[in-house]
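Single-structure report; data block below.
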Amino acid sequence: MTNWHVVLLYELRRELRRKSYLFITFAVPLLVIVAFFGYQLYQESSEGSSDEPAKPFTEVNESNDHIGYVDRTPQQLFPAPDTYERVTCQATNDEAAQLRQDADPSMVRSTLIKRVSSPYCLKNMIVRYDTVDAGKSAVEDGDVDVLYVIEPDYIEDGEITVYFEGLNIEVMSSEETITDYILRSLLYNVDAQPYEQLYLRLRDPAVITEHTVAASGEAETGNENSNLMLVYGFGMIMMMSLFWGGGYLMQSVVQEKESRIVEIILSSVQPTALLVGKILAEGLLALLQVAMLLGTFVFLGSQVSDVIDSLQNIEVGTGTLALCIIYFLLGFLFFGSLMAAIGALSTSVRESQNFVVLVTLPAVVPFFFISIFAEDPNSTLVTVLSMIPVTSPLSMIMRLSVTDVPAGELILSMALLVGGVMAVMWMAGRLFRVNTLLMGNMPKPRDIPRLLFG
Amino acid sequence: MSLTATDSAICVEHVTKNYGTFTAVDALSFEVYGGEIFAMLGPNGAGKTTTLRMILDILRPDTGTITVLGGPISEKTKDHIGYLPEERGLYRNAPVLDVLVYLGQLKGMSRQDAQKRALEMLEYVELGEHAKSKVSELSKGMQQKVQIIATILHRPDLVIIDEPLSGLDPVNTQLIKDLLFEMNAEGVTIVMSTHQMHQIEAMADRLLMIDHGHQVLYGAVDDVRQRFAENAVIVEGEGDWSALAGVSSVEQNDNGRSVLLRLADGVTPDMIMETLAVSDAYHIRRYELAVPSLNEIFIKVAVSGNGQNGG
């Protein structure tokens, strides 16, 4: 099989000059990054100078929320913010440094936390109304965005009712603020040290770590959210490169037919070598595209603290990563060959688009069961899906990202996939040789066996 | 790998190719000698293109053997062949030079060599300034020139062209004829396949005529035409042709300027010319043997179904 590398290099050069490829691969990530930082700059400028002293442990809510509330509890548990003892809500630079040393609890720090998280500090955002009607009028007049009514049975069942006008995006952020205010008010009379512990704990009352019992009897520690994120992430990479790379590949095959250069090429290079060169080139290009986009999102994610917190729980071993890459490459060869075969059978790019779903639909089947992959990655369904060559690339990548797969299953699955890759490559090669040249029209399904074996 | 006339450039032996129940090529045998111009003739659907594709290993024969440049075709052999199919095109959105370099590299040339030679040849066909243009920006005639360059860029020993002159404008028709003669003079073997027989009958040394996948005529072009020549002459001039001794019948040709004189048994064209030379009753502007065109021969053979094979 000679000349596949010539095909590979030519396809790479050709594709890397295509404007649409360059746009998606390089311009889109750049635009996203520019838009992200542009938005951040806008946010900062609208919030004032960024040279202000560091904000004490993000407790002082600087949002533009205007929240009204009505306290209907018999005990009147929630006085208006401005009725609390007046304190300095802003921490000085020294105090801010003290606040950040969360590993070093001290009386000074506890007192400080209690001071800056006093209900008084929310006085600019939260307004108390004596009656529900007065509160509702304030919402109607636009004085406040939302109105929370703390119902009389609050202590027993925690019931709070919210009123707002039409579709109001402020409701979502205001919920956090009112919860915070309730917490601060309820803890107001607690001494500084228990206050610090309780306040910080109750703001994040449960950090759940799952322990599932594996077949070996050993407990495996994992976090369901990060599992799901991993499964989803790896799955998405596979899918995106499959759709993009496969699409480019099919297009490149059909274009050679449409431009009628294919017979000249086939007089110099074997169909299999042409296929291999094309598949590898388009695979690499798709990988570059996915890496660029993924890199952009990871980079932007690292700029947002919430996301990085979730990502910190994720650990992928080198062995797993190597296996994922092998499955990715085999998967691309498998689906790429199928896409190329569709290209070989079609007479135009438009015609080929109609048949893409025949390849992509079976490929995305594992996505339908994504929750099972995250919760029970060694179940029978998942095991079967990770054996069938059509579904195994995506299934195994998703499965490997969350659990260890027994070596026997890995070997069997990989052997089946390698067999599948060889079969589809042979098939695509046959269709290239015979069909591209002899058929002016798309063959009927009953003709295909004859084209393959004839 | 320059071949001499005693070498076999292509040897096809008892080759058959079926598509389902349809037999495209049926037990075909022929040989192409090194350094000759060989024409494969026949109407559309005769099996010419299928035969060429089998020679080039694009299709595999069902039975029979084919040797090319002294052995079974291999990837190495392909590097010595230039092929221009009937259905020919180029990458439309790629620069001309890039396409030529790619096709040259596929034929085993280094990138530098392919680039240098492509630029030389583009200059030769007066397309030097279009080297960086996209193929789609060229006129159809220009694209044809580029296709021809792609076929011979790698200095092949054997050039195979399917319908060499189809779709070519007069300028490019002359260009390709000149190029083919030039290469042939340098020892390159040339195989052409066409259904437009009149276009290449003056170019080819030998021919193979096929119909429905069968060989109907095979041999030197002159031999074939002489074999089918009638005892008749074509004359252009004035005089009473029917009164001429030895002429059995007179036919006016289609253009009205010349007449076909069929001669009686035992009368030769030389005898008639002698008579005309001494007679004042006739003025002659043109006098030639009535040798049939390949087209006429083919129609005769195909209709009667009595193909004759020769050397």
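Data table
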read-out: Cα coordinate range in region B:230-290, projected on the principal axes (Å, largest first); value: 29, 27, 18
read-out: Residues A:Leu412 and B:Ala220, FRET efficiency given R0 of 56 Å [Cβ-Cβ distance, rounded to 0.05]; value: 0.30
read-out: Prolate/oblate/rounded label for region B:186-260 (Cα gyration tensor, a/c 1.5); value: prolate
read-out: Estimated Rh, region A:56-203: Kirkwood, alpha-carbon pairs, angstrom; value: 16.1 Å
read-out: Förster radius 60 Å - calculated FRET efficiency between A:Met292 and B:Glu129 (Cβ-Cβ, nearest 0.05); value: 0.95
read-out: Shielding score for B:82-90, defined as the mean number of other chain Cβ atoms within 10 Å; value: 5
read-out: Other protein chain Cβ atoms within 10 Å, averaged over every residue that makes up A:265-275; value: 5
read-out: Cysteines in the protein assembly as shown that, by Cβ-Cβ distance, have no pairing candidate under 4.7 Å; value: A:Cys324, B:Cys11
read-out: Inter-probe distance in nm under a simple model that places probes 7 Å from Cα toward Cβ, at A:Ala423 and B:Ala229; value: 6.6 nm
read-out: Spin-label model distance (nm) - A:Leu16 vs B:Gln112, 7 Å beyond Cα toward Cβ; value: 2.1 nm
read-out: About the Cα centre, charge dipole magnitude for region B:124-181 (Lys/Arg +1, Asp/Glu -1 at Cβ), debye; value: 160 debye
read-out: Cα centre as origin, Lys/Arg/Asp/Glu Cβ charges: the protein assembly as shown dipole, Debye; value: 2660 debye
read-out: Filter on B:Lys76/B:Lys134; B:Lys107/B:Lys132; B:Lys76/B:Lys140; A:Lys444/B:Lys78; A:Lys19/A:Lys278 - keep pairs with C-alpha separation over 23 Å; value: B:Lys76/B:Lys134; B:Lys76/B:Lys140; A:Lys444/B:Lys78
read-out: Separation of alpha-carbon centers, region B:4-82 and region B:188-231, rounded to whole Å; value: 16 Å
read-out: Pairwise centroid distance, computed over Cα atoms, of region A:337-401 with region A:14-31, Å; value: 26 Å
read-out: For chain B: relative contact order, % (alpha-carbon pairs under 8 angstrom, 6 or more apart); value: 20 percent
read-out: Relative contact order, percent, region B:230-290 [alpha-carbon distance under 8 Å, six or more residues apart]; value: 49 percent
read-out: Rounded if a/c under 1.5, otherwise prolate or oblate - the protein assembly as shown, Cα gyration tensor axes; value: prolate
read-out: For peptides B:76-86, B:46-56, sequence by mean Cβ density within 10 Å, most packed first; value: B:46-56, B:76-86
read-out: Check: region B:230-290 dipole with +1 on Lys, Arg Cβ and -1 on Asp, Glu Cβ, in debye; value: 100 debye
read-out: Relative packing of A:346-354, B:95-103, B:10-18, which averages over residues the other C-beta atoms within 10 Å, highest first; value: B:95-103, B:10-18, A:346-354
read-out: Part-to-part distance (alpha-carbon centres) for region B:138-180 and region A:259-308, which is given in Å; value: 36 Å
read-out: Dipole of chain B [Lys/Arg +1, Asp/Glu -1 at C-beta], most positive-end residue of B:Leu175, B:Val135, B:Leu28; value: B:Val135
read-out: Inter-chain Cβ neighbour average for residues B:52-61, partner chain, 10 Å; value: 3
read-out: Share of alpha-carbon pairs per 5 Å distance bin for region B:33-119, given as whole %; value: 3, 11, 17, 20, 19, 16, 10, 4, 1
read-out: Beta bridge orientation in the protein assembly as shown: antiparallel %, DSSP, nearest 5; value: 60 percent
read-out: Cα shape, region B:198-311, gyration tensor, a/c 1.5 rule; value: prolate
read-out: Sequence ranges B:277-289, B:31-43, B:158-170, ranked by mean other-Cβ count within 10 angstrom, highest first; value: B:31-43, B:158-170, B:277-289
read-out: Full-extension gain in nm, B:Arg285 to B:Glu13, via 0.36 nm per residue minus C-alpha separation; value: 93.1 nm
read-out: Region B:8-225: antiparallel DSSP beta bridges as a percent of all, rounded to 5; value: 55 percent
read-out: Value of [θ]222 nm, deg cm²/dmol, for the protein assembly as shown, DSSP H segments ≥ 4, -39500 (n - 2.57) each, nearest 500; value: -15500 deg cm²/dmol
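FYI, it's all coordinate maths here, none of it is from the lab. No experiment lies behind these values; they were computed from the predicted model shown. Here Cβ is always computed from backbone atoms with ideal geometry, including for glycine, and neighbour counts include all displayed protein chains.
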